[in-house]
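The values are calculated or read from the model by the stated rules, or taken from the named source; none is laboratory data. This structure is a prediction, so every number in the text was calculated from the model and none was measured. Neighbour counts are summed over all protein chains in view; Cβ atoms, including those assigned to glycine, are modelled from backbone coordinates with ideal geometry. Accessible surface areas use protein heavy atoms only, side chains included; no ligands, DNA or RNA. Shrake-Rupley method; radii C 1.70, N 1.55, O 1.52, S 1.80 Å.
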Amino acid sequence: MADDSIAVVDLERCQPDRCNYECKNYCPPNRTGKECITLRGDDAEEGDPDQIHISEEICLGETCGICVEKCPFDAIEIINLPQELEDDPVHRYGENAFSLYGLPVPLEGQVTGILGPNGIGKTTAVRVLAGELAPNLGQHADPPGWDAVLDAYRGTELQDYLGAVKDGDVSVARKPQYVDRIPDRFDGPTSQLLENVDERGVLDDLLERLEIEHVRDQDIDSLSGGELQRVALVACLARDVDFYFVDEITPYLDISQRVKAARLIQEMAEEEGKSMLVVEHDLAILDLVADNLHVAYGEPGAYGVITSPKSVRNGINEYLKGYLDNENMRIRPNAIEFEEHAPRVTSRSDALVDYPDLTKSYGEGEFGLEVEGGTIHENEVLGIVGPNGIGKSTFAELLAGRLEADEGEIDFDLDISYKPQYIEIDQPMRVDSFLRSITDRVGSSYWNTEIAQPLQLDRIMEQQLTDLSGGERQRVAIAAALSETADLYLLDEPSAYLDVEQRVRATNAIRRFAEQQDATVMVIDHDIYMIDLLADRLMVFDGEPAVHGRASKPKGMREGMNDFLANLDITFRRDENVGRPRINKPGSQLDREQKKEGEYYYAP
């Protein structure tokens, strides 16, 4: 194989008991007597001895690709690496296994951001930076050791840091990505978990800043997703360490909570000189929190490249354009474009449903909701925004007839396809079987092209539902909702646990589905980028979370976003190059000017 190619075998997908070794039997070198594709054998370091191994020295590379085509389980990838990757990888897990090129550079007193897809090596990079994994410089069969690593990084910004790692002088605290798994690992009161990690004596302040003082005496398994997210962040930031790794701060948080979490991280870096590394897929929050940015690209699960640091603005803009300037690398065929106004014009005469003024109370002293009557149009995407605990899901249940209003009568009958906020998948079932139980369109040309491909389902169709990651569950849940036949499609937080690329794909899939199927879609989400790209109109909820909520009638995007952001005291501007939403720094000249003019959602 050419020096710039690698072979990757996904051992979770390689199923020798269910195939006839088509890859091995059809391999051209094998057919000439060479041992290119062989069995791993009993001395295999990983996997089943009957699974395959590919010799990268003998393999003909991507120009052949017969084994890739013949494998019935899509377990093989032959990849031509970018010509720019002249250096050895930082780490490779073995032959036919994942390789990482480049490392982020933690800087004292700064927040370093990483932007890139899941499965691209961010966790591997953090393990190296934490001293948990000694990088092998690609020499997996005979690891060279730390002295060789320090020689390789001599004269770079990482030399001193890796030297401290080698000597065991670096301590690390991490906030996990999937906070909904915390109750599976810890059983007991929240106070016990937090007090055990309060090494800096700042627990009370952190709980107050993130507005979760009330969870102290509650059991972990009783907390909502938003509360778990903030508890996990507090548990990380309360530690007294050299290096903090925060993996996604935004899932389950509304935009106000996201901004507060971002400001807290920024203050720790600025005022206490802490080194922070943040992985985040909400670009508006990443733009706000990071001081510098590394872009990660490659083939998830196969290889990843982490670029040298860029300015946050340039890094995000280059990522959206799909082209990295310094690296001279195209990472996406098409740019992601933002439009200032809704791209479709809907006819106000075509109403799917008119609903009256509604009220719903859960009892004296409990949460109450007031809804201003309005119209949901046919063939529109209606965005729904507002804080957590403000009644958005209550409104959806009123529309669906699952709740009865105290005042106002719902006298229509709608078939609603609903993707809930919290995805509970505990069925011992394969993904393809689960989706076929919902619709007979699975496998059709339209379903494959418009739902399965954008949501990247092909590689997980044969996996068990219970084995899926958070992002994989999210994509399956979106596909399941869009696969049903319904009058109204309601998607609650479809962006959660999706990386930036997956969010774009999901947004495009939802948008195209609405247009091509003349479908009416309601999307509840806190990612301003997704709402900006997706929605034709906006419905704004405000009030006092968990006490009283008010819902406006659907409005135009500018009017609705102005109302929503004014409630949060946050202003946005559009980047002059790519048109993406950017949060203005609080108290900045532009922030003050826009508030004075009443234009919270971009100055016209």
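Couple of notes before you dig in:
- For SER99, the amide hydrogen comes within under 5 Å of the amide hydrogens of TYR303, GLY304, counting only partners 5 or more places away or on other chains and with H modelled in the peptide plane.
- Once the Cα atoms are used to define both axes, helix 557-568 deviates from the longest principal axis of the chain by about 90 degrees.
- Per residue, the solvent-accessible area of the chain (1.4 Å probe, heavy atoms of protein chains only, all protein chains present) comes to 43 Å².
- Prolate/oblate/rounded label for the stretch 190-265 (Cα gyration tensor, a/c 1.5): oblate
- Using 0.36 nm per residue and subtracting the Cα-Cα separation, the extra length available between ARG459 and GLN427 on full extension is 9.6 nm.
- In Hz, Karplus ³J(HN,Hα) per residue of the stretch 309-323 (6.51, -1.76, 1.60; θ = phi - 60°; x = Gly, Pro): x, 10, 5, 4, 4, 5, x, 5, 5, 5, 4, 5, 6, x, 9
- Cα shape, the stretch 426-566, gyration tensor, a/c 1.5 rule: prolate
- Calculated FRET efficiency for the pair VAL202/SER588, C-beta based, R₀ 35 Å, to 0.05: 0.80
- Within the chain, antiparallel bridges make up roughly 45 percent of the DSSP beta bridges whose residues both belong there.
- Dipole magnitude (debye, nearest 20) for the stretch 390-452, charges at Cβ of Lys, Arg, Asp, Glu: 560 debye
- Expected 222 nm ellipticity per residue - DSSP helices of 4 or more, -39500 (n - 2.57), all of the chain, to 500: -8000 deg cm²/dmol
- Calculated FRET efficiency for the pair TYR21/GLU409, C-beta based, R₀ 41 Å, to 0.05: 0.05
- Mean-position separation - Cα centroids, the stretch 542-577 and the stretch 259-313, in angstrom: 26 Å
- The chain - Cys residues lacking any other Cys C-beta under 4.7 Å: CYS14, CYS19, CYS27, CYS36, CYS59, CYS64, CYS71, CYS236
- Between GLU366 and ASN508, full extension at 0.36 nm per residue minus the direct alpha carbon distance yields a gain of 47.2 nm.
- Stretched out straight at 0.36 nm per residue, the stretch from GLU211 to THR359 would grow longer than its current Cα-Cα span by 50.5 nm.
- Span from the the stretch 469-493 Cα centroid across to the the stretch 205-223 one, whole angstrom: 30 Å
- The string of couplings for the stretch 7-24 from the Karplus curve (6.51, -1.76, 1.60, θ = phi - 60°) is 10, 10, 10, 7, 5, 6, 9, 5, 10, x, 6, 10, 9, 10, 6, 4, 4, 5 Hz, one whole number per residue in order, with x for Gly and Pro.
- The chain: relative contact order in percent, alpha carbon pairs under 8 Å with at least 6 residues between: 13 percent
- The stretch 529-604 shape via C-alpha gyration tensor axes, a/c threshold 1.5: oblate
- Charging the Cβ of each Asp and Glu at -1 and of each Lys and Arg at +1, and nothing else, the dipole of the chain about its Cα centre rounds to 1220 debye.
- Comparing Cα centroids, the stretch 104-149 and the stretch 505-538 end up 37 angstrom apart.
- Residue-wise HN-Hα coupling along the stretch 65-70, computed from phi with Karplus coefficients 6.51, -1.76, 1.60 (Hz; x: Gly, Pro): x, 5, 4, 4, 6, 7
- Cβ-Cβ distance of ASN314 and GLU597, R₀ of 35 Å, FRET efficiency by 1/(1 + (r/R0)^6): the value works out to about 0.75.
- Counting only alpha carbon atoms, the long axis of helix 500-516 and the longest principal axis of the chain meet at about 50°.
- Close amide H pairs (under 5 Å, H built 1.01 Å from N) link LEU11 with no residue at least 5 positions away or on another chain.
- Here the peptides 581-593, 486-498, 63-75 are ranked by packing, the mean other Cβ count within 10 Å, and the order with the highest first is 486-498, 63-75, 581-593.
- Cα→Cβ-extended label distance, 7 Å offset, between PHE338 and ASP147, nm: 5.2 nm
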